[in-house]
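Please read the structure below before turning to the comments.
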Amino acid sequence: MIEAKLDEQLCFEVYRAASHFNKLYTHVLAPFQLTYSQYLVLLALWEQDDVMTKHIGERLNLGIGTLNPIISKLQERGWVNKNSAPNDKRATIISLTPYAKEQRASIEQAIAAQIEACQYLVEEGHALRAQLRQLNTFFDHFYEKGNGNDDNL
């Protein structure tokens with residue numbers, strides 16, 4: 001049986017770590033007037049530009065209702081463009097602006113400097129990322145099999 005103490009919960013440690021990462025990135029991204037969520041969208045677009053909103057949501061594991069306000073704010077601030085897909089007028093293609101492409105190196109340098117300042121992340125980051133990927137892969141398969149659905153709770 002899982003002990004019901006907060007400090008013994010894996011989920012709480014993952015939550016705390018995610019909160020710390022959010023703070024770390026929020027601080028670094030503030031001069032660029034970006035939130036952590038907006039930065040994740042830009043990361044996805046820097047990997048593959050000119051993609052449908054749906055694909056960004058799948059890549060980031062975000063629903064359209066969460067993703068649309070993030071993209072709208074990025075558009076308002078000149079980071080992305082939104083255009084209707086040629087084959088499906090209901091779908092939206094998101095693309096980086098020249099400004100977003102120009103700012104990429106500066107953002108990456110600012111983040112790299114902050115990560116280097118956190119020596120632990122430099123030393124332990126690769127192993128930690130590998131463990132988290134394993135955990136996320138486990139959960140992906142867990143939910144694909146229908147576990148964790150409201151019907152099973």
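Once you've got the GNM for the chain with C-alpha springs shorter than 10 Å, pick whichever of 132, 40, 67 has the biggest mean-square fluctuation.
Of 132, 40, 67, the most mobile in the Gaussian network model is 132.
Got the relative contact order for the stretch 6-147 handy, in percent, Cα pairs under 8 Å and 6 or more residues apart?
Relative contact order for the stretch 6-147 comes out at 18 percent.
Please report the spacing between the Cα centers of the stretch 93-153 and the stretch 1-52 in Å, no decimals.
Cα centres, the stretch 93-153 to the stretch 1-52: 7 Å.
Excluding same-chain pairs closer than 8 in sequence, count the lysine pairs in the chain whose Cα atoms lie under 20 Å apart. Before the final figure, lay out the partial values.
Working: 23/73; 54/73; 54/82; 54/89; 73/82; 73/101; 82/101.
Counting lysine pairs in the chain gives 7.
Of all GluC sites (Glu not before Pro) in the stretch 1-107, which ones are in loop regions per DSSP and have a Cβ with at most 13 other Cβ atoms within 10 Å?
Here the GluC sites (Glu not before Pro) that fit, given the DSSP loop and packing criteria, are 3.
Can you compute the modelled spin-label distance between residue 17 and residue 76, with each label point 7 Å from Cα toward Cβ, in nm?
Simple spin-label model gives 3.4 nm for this pair.
Could you calculate, for the stretch 6-147, the ratio of the Cα radius of gyration to the Kirkwood radius, expressed as Rg to Rh? Present the calculation step by step, with values, prior to reporting the outcome.
Details: Rg = 17.0 Å, Rh = 17.0 Å.
Looking at the stretch 6-147, the ratio lands at 1.00.
Trypsin sites (Lys or Arg not before Pro) within the stretch 1-97: which are DSSP loop residues with at most 13 other Cβ atoms inside 10 Å?
Taking the stretch 1-97 and a limit of 13 other Cβ atoms within 10 Å, the loop trypsin sites (Lys or Arg not before Pro) found are 5, 89, 90.
Just so you know, all these numbers are worked out from the coordinates, no wet-lab data involved. Bear in mind the structure is a predicted one, so any value in this text is a computation, not a measurement. Positions of Cβ are generated from backbone atoms using ideal geometry, with glycine treated the same way; all protein chains shown enter the neighbour counts.
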